[in-house]
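Here the structure is laid out as structure tokens; the discussion comes afterwards.
The values are calculated or read from the model by the stated rules, or taken from the named source; none is laboratory data. Since the model is a prediction, treat every value here as computed from it, not as a measurement. Here the Cβ is made from the backbone with ideal geometry for all residues, glycine too, and neighbour counts use every protein chain on show.
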């Protein structure tokens, strides 16, 4: 059965679309012309939308613009987006472009948790364990959390050495986190597991908050310099940020 539409609703949506594409706003007559109705019909539709907060204009009149109620609706939609579902195709592409294991981690209260990964197709693989918390001072994902997630640095006594390369001095860690914040990504060179190197980048939500972290990890012998895969990692992080409504 053909889907039925309501003409007045269709025309109201057309008005919103015209206003979406207008930088300076539009008057009643121009809007009526653009959607193919008379001015009185456009005026009634706009009055209805204005009462609902979907459009607005100055109290003295003037052109119509999109209203603040649309921001609330957009926020509700964005808050329900499934980060993991949005990230999955990006993880696959990231693995394909780098040849190495791509990971998605989500920030929590005190640590980040790996929630998805796409393993490398190589014969020797650095596997990401789902549900595994990231050690903040010894992983690329953890460093991104410290740099962009608003979390305090671990206490000196919590900086346990996991390998000879683990950062265990709080001043050294503070310097490293400042560098991560400045360059926009973090790396580790055998700091949690001696034979694993990794790189990670932040993903931001609509409000500029840290929403997720994308990473690439590999055996150190195959990826001696993790920045070799920086470009595809940043591309994926930017794409997921846009999908979540961030980066504007």
Legend entry - Pair list, Cβ under 7 Å, 6 or more apart: the stretch 102-122 residue without any contact (Cβ under 8 Å) to a residue 24 or more places away in the chain, other residue part of a strand (DSSP E or B): 113/105; 113/106; 113/133
Inset, instruction - Inspect the stretch 169-178 for any residue being assigned by TED's automatic domain parsing to the domain that holds residue 136 and not in a helix (DSSP H, G or I) and give the result as yes or no. - result: yes
Legend entry - Selection count, the stretch 114-140, where residues are over 16 Å from the mean Cα position of the chain (by Cα) and either assigned to a strand (DSSP E or B) or modelled with pLDDT under 85 (or both): 15
